[in-house]
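Just so it is clear, none of the values below were taken in a lab; they were calculated from the coordinates. Remember, it's a predicted structure, so these values are computed and weren't measured experimentally. Cβ sites come from the backbone with ideal geometry, for glycine too, and all protein chains shown count toward neighbours.
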Amino acid sequence: MGIPFVGGCACGAVRYECTTAPLMALNCHCRDCQRATGTAYASGLFVPASAFRFTKGEPKYHIATADSGKTVGRGFCAECGSPVVATQAAFPIFIIYASSLDDPSCHRPTMDQFTSSAQPWDHMDPTLPKYPKGIG
């Protein structure tokens, strides 16, 4: 993955830039992520808030309590509805949805979490470590 890396929503109203490598990259199979993405899981890159900035527009946030019990903000474009980022109140991070990257082919998830909620039709990469209840 090249640094900096960039991305945004489908219509271009929200754009961002990150100036450091991700702290971690994973697939989350919790029901909250399934509902937020409209599919089997959310694939995301965790980055420090200090290295992330919006370069155009701002997402609208839906705040909820995730399956982990933590408060999460799901940031999406108010124009096109594309999921862009998530935040966790407990940590100074942004979770960038891999689908919002300009080049999502560079995303390399290293684990699957909340696999106890995974859908039976979701075929996970057998080489990735699995965490039934999350990583922490």
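For the options C77, C11, C28, a Gaussian network treatment of the chain with springs between C-alpha atoms closer than 10 Å singles out C11 as fluctuating the most. Applying the Karplus relation 6.51 cos²θ - 1.76 cosθ + 1.60 with θ = phi - 60° to segment 71-86 yields 3J(HN,Hα) values of 6, 10, x, 9, x, 9, 6, 6, 7, 10, x, 5, x, 10, 9, 9 Hz, where x marks Gly and Pro.
For segment 17-24, putting each phi into the Karplus relation 6.51 cos²θ - 1.76 cosθ + 1.60 with θ = phi - 60° gives couplings of 9, 10, 9, 9, 5, x, 6, 6 Hz, in residue order, rounded to whole numbers and with x for Gly and Pro. Given the options T65, T19, T87, which has the most mean-square fluctuation in a GNM of the chain, springs set between C-alpha atoms less than 10 angstrom apart? With Cα springs under 10 Å in the chain, the top fluctuation among T65, T19, T87 is at T65. Please list, in order, the residues from segment 71-98 whose amide nitrogen is less than 14 Å from a point placed 7 Å along the Cα→Cβ vector of M24. Output list for this probe position: 88, 91-96.
Assuming a ≥ b ≥ c are the square roots of the Cα gyration tensor eigenvalues, decide whether segment 4-47 counts as rounded (a/c under 1.5), prolate (otherwise, with a/b larger than b/c) or oblate. Oblate. Panel order for F52, F91, F114, F5, by other beta carbons found within 10 Å of each beta carbon, from fewest to most: F91, F52, F5, F114. Listed by Cβ neighbour count within 10 Å, with the fewest neighbours leading, L128, L101, L45 appear as L128, L101, L45. Estimated from helices alone, the mean residue ellipticity of the chain at 222 nm is -1500 deg cm²/dmol (sum of -39500 (n - 2.57) over DSSP H runs with n ≥ 4, per residue).
The alpha carbon gyration tensor of the chain gives principal lengths a ≥ b ≥ c with a/c of 1.5 or higher and a/b greater than b/c, which makes the shape prolate.
Evaluated with a Cβ-only charge set (Lys, Arg +1; Asp, Glu -1), segment 5-131 carries a dipole of roughly 240 debye about its Cα centre, given to the nearest 20. Build a GNM of the chain with springs between Cα atoms under 10 Å apart, and of R74, R31, R53 the one that fluctuates most is R53.
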